[in-house]
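**Q** Got a structure for you, written out below as structure tokens; questions coming shortly.
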Amino acid sequence: MTFGDSLSDTGNAFLYTGGFYPANDLFTTLTFGGNIGLTIHHAVQNTAQSFAALASHGARHILVANLPDLGLTALGRSLGPVGSAQLSYLTDVYNAGLDQA
């Protein structure tokens, strides 16, 4: 993420959606294996670093969109009730981490 010297000239309110990266990280870890807790931790940390970068360049108001419920995605539903519930739980853990960031 790159910015000019300051964002104050262009405004100071931003909507941060996080893109698809946290969801992709979770799906990749679940598909290919890995430490899901560490994946969530890194995703939250990366998002927090984006907030810090925006703030350091003058952003004063950042609206953060939570990750949507991954258990309700096509992949989540294809995993059956237990798999869908697990993805919903992981979504809740990620979003709770964002609340703390």
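Just so it is clear, none of the values below were taken in a lab; they were calculated from the coordinates. From a predicted model like this one, the values you see are computed outputs, not experimental measurements. All Cβ positions, glycine included, derive from the backbone under ideal geometry; neighbour counts span all protein chains shown.
**Q** Under 7 Å between Cβ atoms, which residue pairs at least 6 apart in sequence (or on different chains) link something in the range 30-52 that is over 14 Å from Q100 (Cβ atoms) with a partner that is surrounded by 14 or more Cβ atoms within 10 Å (Cβ to Cβ) and among the charged types (D, E, K, R)?
**A** T39/D25
**Q** Let me ask another. Quick check on my filter: what residues within the range 47-95 are touching a helix residue (DSSP H, G or I) at 6+ places or on another chain (Cβ under 9 Å), over 16 Å from T29 (Cβ atoms) and of a type in the set (A, V, I, L, M)?
**A** A48, A59, I62, V64, L72, A85
**Q** Do you know which residues across the range 58-89 are touching a residue at least 12 places away in the same chain (Cβ under 8 Å), out of contact with any Gly (no Cβ under 9 Å at 6 or more places or on another chain) and part of a helix (DSSP H, G or I)?
**A** Within the range 58-89, L72 is the sole residue that qualifies.
**Q** Moving on. What are the residues in the range 53-71 that are among the hydrophobic types (A, V, I, L, M, F, W, C) and either touching a His at 6+ places or on another chain (Cβ under 9 Å) or surrounded by fewer than 13 Cβ atoms within 10 Å (Cβ to Cβ) (or both), if any?
**A** Of the residues in the range 53-71, the ones among the hydrophobic types (A, V, I, L, M, F, W, C) are 53-55, 59, 62-65, 67, 70.
The answer is L63, A65.
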